[in-house]
Every structure is written in structure tokens, then in C-alpha cells.
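Remarks on the structure that follows.
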Amino acid sequence: LLSFTVYRYTSRAEDARIAAEFEHRADVRGALTREIFDYYKSSVYALKSLFEGSHMVRREEFRQVASDILKRFPGITALEWIPVVPDKDRAEIERQLSQETGRPFQFSELAANGELVRAPTRPEHFPILYVEPSSQNERALGLDVQSAPTRRFLEQARVTRDFVISSKF
């Protein structure tokens with residue numbers, strides 16, 4: 001009976017120690033994750049300041065700031081500029097970007113078969129106008145994210161006026 005009592009006491013004490021260690025590690029990991037996210041978030045403020053301080057940011061300005069952020073923060077896979085474009089401005093933006101990129105540019109969306117097709121007329125569009133790194137994300141240019149799987153994240157950011165992390169798609 002004494003051996004069984006000592007065994008139970010020791011077993012419970014060991015279980016409590018393991019649980020306390022797990023909770024401590026989870027707390028540390030959570031704090032580290034929040035700290036890293038806040039660090040990433042502060043880096044993106046450089047892009048925010050760039051756009052707020054200029055009527056129209058040029059592609060090269062975006063590329064310089066975004067490239068610097070991506071070098072310093074390898075956990076960020078891509079940065080995009082997605083403005084709100086009223087439909088009345090769509091044709092002009094598409095014309096400007098066709099001229100700037102040297103290839104036809106249009107607002108697009110993903111069709112059911114995965115192909116990019118011209119986005120339909122809507123009161124407003126959310127096209128990806130700039131993306132870095134551009135070499136791996138060229139297909140994303142012009143994508144109207146209203147039709148993308150990340151739309152709910154965009155809407156959440158728009159409503160809350162705060163940062164939102166989207167899933168990859």
C-alpha cells in the first residue's frame with residue numbers, strides 16, 4: 001500500500017511538472033510569435049508611410065522599400081499594393097499599367113478552371129498593382145482580389161483599418 005501511494009504521488013507530481021513545463025513553453029512560444037509579428041508589422045509601416053506620403057507611388061519606389069523589407073524579414077513571402085479602384089477609373093489604370101509594364105494589363109480573376117480571365121464590371125475593384133518579389137509573382141499582377149480566396153481578409157482589414165494576415169493561395 002505504501003509503495004502504491006508513493007508511486008501515485010510521484011506519478012501525479014511528474015504529470016504536474018510536465019504540464020507546467022508545457023504551459024511555460026507554450027507561453028514563451030506565444031510571446032515570441034507576438035513579438036515577431038509586431039516586428040514584421042512595424043516593418044510594413046514603411047510601406048504605409050510611403051503610400052500615405054505620396055499621391056501616386058511609382059513601381060520602383062514600391063520595389064525599393066518592399067525589397068528591403070523582404071531581405072530583413074524572410075518570414076514575409078510577398079508584399080502587394082492593392083488599392084481600391086472605382087470602376088470609372090479602371091480603364092485608365094489598365095492603360096497606364098499596360099504602358100508601364102510593356103504588356104497588356106487588365107484586372108483579372110480566377111476562373112473555375114484556374115485560368116485568369118478579365119474581371120467583370122463591379123462598382124469597385126481591388127487589383128494587385130505592385131507585388132514583390134515580382135519575379136515569382138508576375139501572374140498575380142492585376143488579380144482583383146475580390147474574387148480571390150483572401151477576400152475576407154481584405155474586407156476585415158478594410159473594416160478594422162488594421163493588419164490582417166492572410167493564408168497563402
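Only one residue in Glu80, Glu52 is charged (D, E, K, R) and in contact with a strand residue (DSSP E or B) (Cβ under 9 Å, 6 or more places away or on another chain), so which one is that?
On the way: Glu52 fails: in contact with a strand residue (DSSP E or B) (Cβ under 9 Å, 6 or more places away or on another chain).
Among Glu80, Glu52, only Glu80 is charged (D, E, K, R) and in contact with a strand residue (DSSP E or B) (Cβ under 9 Å, 6 or more places away or on another chain).
Considering only region 52-66, state which residues are touching a residue at least 12 places away in the same chain (Cβ under 8 Å) and part of a helix (DSSP H, G or I).
Residues of region 52-66 that are touching a residue at least 12 places away in the same chain (Cβ under 8 Å), as a first pass: 57, 59, 62-63, 65-66.
Those that are touching a residue at least 12 places away in the same chain (Cβ under 8 Å) and part of a helix (DSSP H, G or I): Arg59, Phe62, Arg63, Val65, Ala66.
Hey, can you tell me all the residues within region 1-46 that are charged (D, E, K, R), under 30 Å from Lys71 (Cβ atoms) and open to solvent by 100 Å² or more (accessible area, probe 1.4 Å)?
Correct list: Arg29, Arg34, Glu35.
Within the set of pairs 6 or more residues apart or between chains, which connect a residue that is in contact (Cβ under 8 Å) with a residue 12 or more places away in the chain inside region 102-129 to a residue that is hydroxyl-bearing (Ser, Thr, Tyr) with Cβ atoms less than 7 Å apart?
Listed by first residue and then by second, the contacts come to Phe105/Ser98; Glu109/Ser147; Leu110/Ser147; Leu116/Ser108; Arg118/Ser108; Ala119/Ser108; Ala119/Ser147.
Ser49: over 21 Å from Val164 (Cα atoms), of a type in the set (Gly, Ala, Ser), surrounded by 10 or more Cβ atoms within 10 Å (Cβ to Cβ) and free of Cβ contacts under 8 Å to residues at least 40 places away in the same chain, yes or no? Break it down stepwise before answering.
Values: over 21 Å from Val164 (Cα atoms): no; of a type in the set (Gly, Ala, Ser): yes; surrounded by 10 or more Cβ atoms within 10 Å (Cβ to Cβ): yes; free of Cβ contacts under 8 Å to residues at least 40 places away in the same chain: yes.
Criteria not met by Ser49.
The values are calculated or read from the model by the stated rules, or taken from the named source; none is laboratory data. Quantities reported herein were computed from a predicted structural model and do not represent experimental measurements. Ideal geometry is used to build each Cβ from the backbone, glycine not excepted, and the neighbour counts take in all protein chains shown. We work out accessible area using only protein heavy atoms, side chains counted, and drop any ligands, DNA or RNA first. Shrake-Rupley method; radii C 1.70, N 1.55, O 1.52, S 1.80 Å.
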